[in-house]
Amino acid sequence: MFLFVALSCYVFLVTPFSTYMQNKPFVEKIGNMPSIKLIQFGAADQKTLVGELLILKVIMYFGGLMEENKAEYIIPPDYPAMSRVLHAAVKLDPYNMDAYYFGQSILVWDVGQIQLANNLLDYGMKYRTWDWYLPFFAGFNHAYFLKDFKQAAKYYRLAGALSGSPLFSNLASRYMQESGQTDLALVYLSTMSKNAKNAAVKQVFDTRLAALTAVKKIESASAAFQHDLGRQAKSIAGLIDRGYLAKIPNDPYGGEFYLAPDGQVKTTSNFAFAKKIKKN
């Protein structure tokens, strides 16, 4: 009976979906899919299996783009379609961690859909009640992107209680002061990279980690400059001239770092690869 149902799921859901994808242009291959109600009906008691297949499809699609273009998005990924598939997958199986991890990896940084990612995480927390990663992700999103430190503290307290790690409890007690934003991002990205199962996703985190490590180096030099001279440095060149920085760090996204008028470290790449459509 199990084999019959599994084969039925494959024949009626996966095979047509795969055939449809293969006949589409590469940039659209993650595109249209049946409604979640239809998938739930067709999956019967094999919702976990079908959910895993959907998540695998998204990961393979994104990984294929990354592999072909060596981390640069020559063909922009179809992020809205990826999001739809991930949300359908967690409706089928709310316990599958891969959906939440991949959603957090891509929706937050590359798409800028913070609230969409948080909604996905809140949904997962209702089921994965033991998992400290989900409140860890949500805490980071609220602190780093939304600047909602009260909500960040709430999620970090939960992550601390579930993990037993003093790191999250300390972050919660400090209410995520803005002065530690880059340090927070480095902790987050290091954790995400360490636990990434997919090579393409890991590459995304490692690239951003390298960029923010360079930012931290410039920030430290700028802070030392201001401490010693009692004024803010006007440029990175000024930090180099005074001996606080040996050279301008490399931006792995291909841009150039600079100091904004308010002293923040910026880059002309805006921490993203240039997106170019491949010509036929």
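Does GLN264 qualify as being modelled with pLDDT under 90, more than 14 Å from the chain's Cα centre (by Cα), under 21 Å from ASN141 (Cα atoms) and open to solvent by 60 Å² or more (accessible area, probe 1.4 Å)? Lay out the reasoning, then the answer.
Values: modelled with pLDDT under 90: yes; more than 14 Å from the chain's Cα centre (by Cα): yes; under 21 Å from ASN141 (Cα atoms): yes; open to solvent by 60 Å² or more (accessible area, probe 1.4 Å): yes.
Yes.
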*Scan region 228-253 residue by residue and report those that are open to solvent by 70 Å² or more (accessible area, probe 1.4 Å) and either under 30 Å from the mean Cα position of the chain (by Cα) or within 16 Å of THR182 (Cβ to Cβ) (or both).*
LYS247, ILE248, ASN250
*asked:* Report every pair of residues separated by at least 6 positions or lying on different chains whose Cβ atoms are under 6 Å apart, first residue within region 192-216 and in contact (Cβ under 8 Å) with a residue 24 or more places away in the chain and surrounded by fewer than 20 Cβ atoms within 10 Å (Cβ to Cβ), second hydrophobic (A, V, I, L, M, F, W, C) and not in a helix (DSSP H, G or I).
replied: GLN203/ALA71
*Find all pairs meeting these conditions: Cβ atoms under 8 angstrom apart; at least six residues apart or on different chains; first residue within region 258-271 and closer than 16 Å to THR207 by Cα; second residue open to solvent by less than 100 Å² (accessible area, probe 1.4 Å) and of a type in the set (Lys, Arg).*
PHE271/ARG208
*Qualifying positions in region 92-140 - of a type in the set (Asp, Glu), crowded, with 17+ Cβ neighbours inside 10 Å and assigned to a helix (DSSP H, G or I)*: ASP98, ASP110
*asked:* Suppose we keep only residues that are open to solvent by 40 Å² or more (accessible area, probe 1.4 Å) and not charged (D, E, K, R) within region 78-91. Which one would you say is modelled with the highest pLDDT?
replied: HIS87
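Residue by residue, here is whether (1) modelled with pLDDT under 90; (2) within 22 Å of GLY112 (Cβ to Cβ) holds:
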| position | (1), (2) |
| --- | --- |
| SER193 | yes, yes |
| ILE218 | no, no |
| LEU245 | no, no |
| PRO252 | no, yes |
| PHE257 | no, yes |
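The values are calculated or read from the model by the stated rules, or taken from the named source; none is laboratory data. On a predicted model such as this, the values are computed, not experimentally measured, just so you know. Reconstructed Cβ throughout: ideal geometry from the backbone, glycine too, with neighbour counts over all protein chains shown. Each accessible area value is taken on the protein alone, full model and side chains, heavy atoms only, with ligands, DNA and RNA left out. Shrake-Rupley method; radii C 1.70, N 1.55, O 1.52, S 1.80 Å.
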